[in-house]
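The values are calculated or read from the model by the stated rules, or taken from the named source; none is laboratory data. It should be emphasised that the depicted structure is a prediction, and the values quoted were computed from it without experimental measurement. For neighbour counting, all protein chains shown are included, and Cβ atoms are generated from backbone atoms with ideal geometry for every residue, glycine included.
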Amino acid sequence: MDNRRIAEGIAFHGKHQGQFLLSEALPVARKLLEWLRGSKDVHHLSLAGSLRRWKEVVRNIDLIASSKDALRVMDHFVAFEGVADVLTRGETRTSVRLQSGLQADLRVVSGRQFPFMLVFFTGSEEHNAALRRIAQKQGLTLSELGIFPESASPSCKNEKEVYAALGLPCVPPELRENAGELERDRLPSLIGFDSLKGVFHTHSDWSDGTASIEAMAGKARSMGLRYMGLSDHSKAASYAKGLDEARLRKQMEEVRRLNGTWDDFRVLQGLECDILPNGDLDLDPALLQELDFLIGSVHSHFEMSEQEMTERVCKSLNNNNLDILGHPTGRLLLSREGYKINLDRVIGTARDCGKIIELNAYPNRLDLDAAHCRRAREQGVMLSINPDAHSTGDLENVEYGLGTARRAGLEAKDVLNTRPLEEVLAILKD
């Protein structure tokens with residue numbers, strides 16, 4: 001590795017020091033919430049901050065509670081088994097360092113202050129600033145303690161009533177980024193966390209997965225899903241035991257056999273096919289035509305220039321066999337920047353070719369990000385929320401993808417796999 005790459009690696013690490021993946025912080029935060037609910041002195045309780053907005057990476061856990069005895073709640077908070085060190089402790093705020101390295105901050109306020117505090121500390125800062133400007137135009141002052149004069153908000157019992165006091169609809173936490181959400185005539189009906197009817201982009205032990213096709217399908221079925229798109233790697237991914245034509249045909253036979261055992265679930269035969277450096281797909285085109293679907297992904301030659309990489313990906317999108325573009329930037333959060341690529345041109349090409357773009361829900365990918373998912377939706381490009389599952393547990397990654405989809409303002413109609421099997425098959429065939 002040359003000195004330039006070493007320097008870039010050091011700079012990247014320094015830039016992200018003290019940050020944690022959403023998937024690292026959220027399970028801990030949920031345990032803290034469960035612990036705090038065990039205190040009889042806690043009346044209202046909520047997650048706040050960037051975690052409540054489902055940001056991809058976070059620095060800490062923010063919690064807001066209401067109580068008539070804040071000190072007793074603080075005592076209960078610091079007794080959580082995961083606390084390694086108490087950083088600060090006061091009458092209304094306590095901060096601890098957890099064994100994971102995460103910092104958790106708890107604020108305890110009165111019942112009347114709770115909805116205002118929750119709005120303020122859910123943020124973002126830019127969204128809060130915009131809210132304050134709206135209040136000022138009405139001759140009001142908005143803070144984490146209330147709207148003043150108090151006669152303007154005599155009975156705000158929840159966040160919806162706080163927004164209503166300013167003449168606004170209640171903005172879902174995921175949209176609070178000052179990206180136009182306070183100026184819309186209609187807020188989107190965000191995709192629900194239970195909206196998916198199936199998943200694509202799953203790997204089995206035929207390539208680099210850890211579970212059999214049957215085990216992966218059994219897990220998906222137990223989650224209430226009705227179909228699972230199997231997409232092991234193609235032969236170019238030799239490091240992942242990628243399938244050549246002969247092994248793919250054998251797998252197709254196995255999938256047909258398994259599909260004969262269920263009447264309420266189906267495994268769709270697919271492949272995650274490498275997009276080769278020249279933009280071609282890695283396998284016999286005639287065989288690829290026999291698949292239910294095909295994901296095309298870049299797994300090599302990340303050092304290409306932006307123009308070269310963009311040409312490479314756009315050429316693949318023009319291939320009739322490709323249905324879904326996988327993890328479009330190749331980024332690995334807190335580990336690796338994505339390759340250089342003109343996403344606006346890629347999204348435009350996907351639109352022109354009628355192709356689907358993946359929102360890869362693997363926690364260290366979340367690729368596309370929310371901003372480009374929003375851009376794809378505005379261009380009329382359909383997205384698919386895929387777990388990139390290499391184990392049965394990885395199928396639950398879809399939760400993180402759904403969080404990102406909500407940050408992008410996506411509705412169920414914008415996402416391929418919210419649809420029933422028959423409709424999905426018709427879209428893929430088209």
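When region 163-203 is examined, which residues are found to be at positive phi and surrounded by fewer than 17 Cβ atoms within 10 Å (Cβ to Cβ)?
Matches in region 163-203: Gly167, Gly180.
Among what's in region 167-182 and is part of a loop (DSSP other than H, G, I, E, B) and of a type in the set (A, V, I, L, M, F, W, C), pick the residue that is nearest to Leu51 (Cα to Cα).
So the residue we want is Val171.
Confirm whether Ser195 is free of Cβ contacts under 8 Å to residues at least 40 places away in the same chain, part of a loop (DSSP other than H, G, I, E, B) and under 26 Å from the mean Cα position of the chain (by Cα).
Answer is no for this residue.
Just need a number here: residues in region 137-166 that are assigned to a helix (DSSP H, G or I) and of a type in the set (Ser, Thr, Tyr).
The number of residues fulfilling the criteria is 2.
Inside region 239-321, counting only strands (runs of 3 or more DSSP E) that do not spill past its ends, which hold 1 or more residues that are surrounded by 16 or more Cβ atoms within 10 Å (Cβ to Cβ), assigned by TED's automatic domain parsing to the domain that holds Asp208 and out of contact with any Ser or Thr (no Cβ under 7 Å at 6 or more places or on another chain)?
Here the list reads 266-269, 295-297.
Return the total of residues in region 328-343 being in a loop (DSSP other than H, G, I, E, B) and within 19 Å of the chain's Cα centre (by Cα).
Summing the residues that are in a loop (DSSP other than H, G, I, E, B) and within 19 Å of the chain's Cα centre (by Cα) in region 328-343 gives 9.
For region 127-137, name all the residues that are surrounded by 14 or more Cβ atoms within 10 Å (Cβ to Cβ) and not basic (Lys, Arg).
Correct list: His127, Asn128, Ala130, Leu131, Ile134, Ala135.
Residues are listed down the side, and each one gets a yes or a no for (1) more than 19 Å from Cys353 (Cβ to Cβ); (2) within 28 Å of the chain's Cα centre (by Cα):
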residue	(1), (2)
Leu281	no, yes
Leu287	yes, no
Phe293	no, yes
Val298	no, yes
Ser305	yes, yes
Asn318	no, yes
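Which is without any contact (Cβ under 8 Å) to a residue 12 or more places away in the chain and either out of contact with any strand residue (DSSP E or B) (no Cβ under 6 Å at 6 or more places or on another chain) or not small (Gly, Ala, Ser) (or both), of Glu378, Glu337, Glu396, Glu411?
Unique residue meeting the criteria: Glu378.
Name the residue that is farthest from Arg266 (Cα to Cα), counting only residues in region 205-232 that are crowded, with 20+ Cβ neighbours inside 10 Å and either in contact with a Cys (Cβ under 8 Å, 6 or more places away or on another chain) or among the aliphatic types (A, V, I, L, M) (or both).
Ala211
Could you please give the count of residues in region 379-396 that are surrounded by 23 or more Cβ atoms within 10 Å (Cβ to Cβ) and either within 15 Å of Val415 (Cβ to Cβ) or among the β-branched types (Val, Ile, Thr) (or both)?
Of the residues in that region, 6 qualify.
Please find, within region 344-365, the residue that is farthest from the chain's Cα centre (by Cα) out of those that are in contact (Cβ under 8 Å) with a residue 40 or more places away in the chain and outside any loop (DSSP other than H, G, I, E, B).
Checking each candidate, the answer is Ile356.
Are there any pairs, at least 6 apart or on different chains, whose C-beta atoms fall under 7 Å, with the first in region 140-162 and surrounded by 14 or more Cβ atoms within 10 Å (Cβ to Cβ) and the second assigned to a helix (DSSP H, G or I) and modelled with pLDDT under 95, and if so, which?
Within 7 Å, the pairs are Leu140/Ala152; Ile147/Ala165; Ala152/Ala165; Ser153/Ala165; Cys156/Ala165.
List, please: which pairs have Cβ atoms under 6 Å, are six or more places apart or on different chains, and start with a residue in region 283-301 that is touching a residue at least 12 places away in the same chain (Cβ under 8 Å) and end with one that is assigned to a helix (DSSP H, G or I)?
Pairs found: Asp284/Glu245; Leu287/Glu245; Phe293/Leu428; Leu294/Leu288; Gly296/Ser316.
Here is a list of conditions, (1) surrounded by fewer than 24 Cβ atoms within 10 Å (Cβ to Cβ); (2) under 27 Å from Glu396 (Cα atoms); (3) modelled with pLDDT of 95 or more, and Leu359 meets all of them except one; can you say which number that is?
(1)
Can you pull out the residues in region 113-127 that are at negative phi and touching a residue at least 40 places away in the same chain (Cβ under 8 Å)?
Across region 113-127, the qualifying residues are Gln113, Phe114, Pro115, Phe116, Met117, Leu118, Val119, Phe121, Thr122, Ser124, Glu126, His127.
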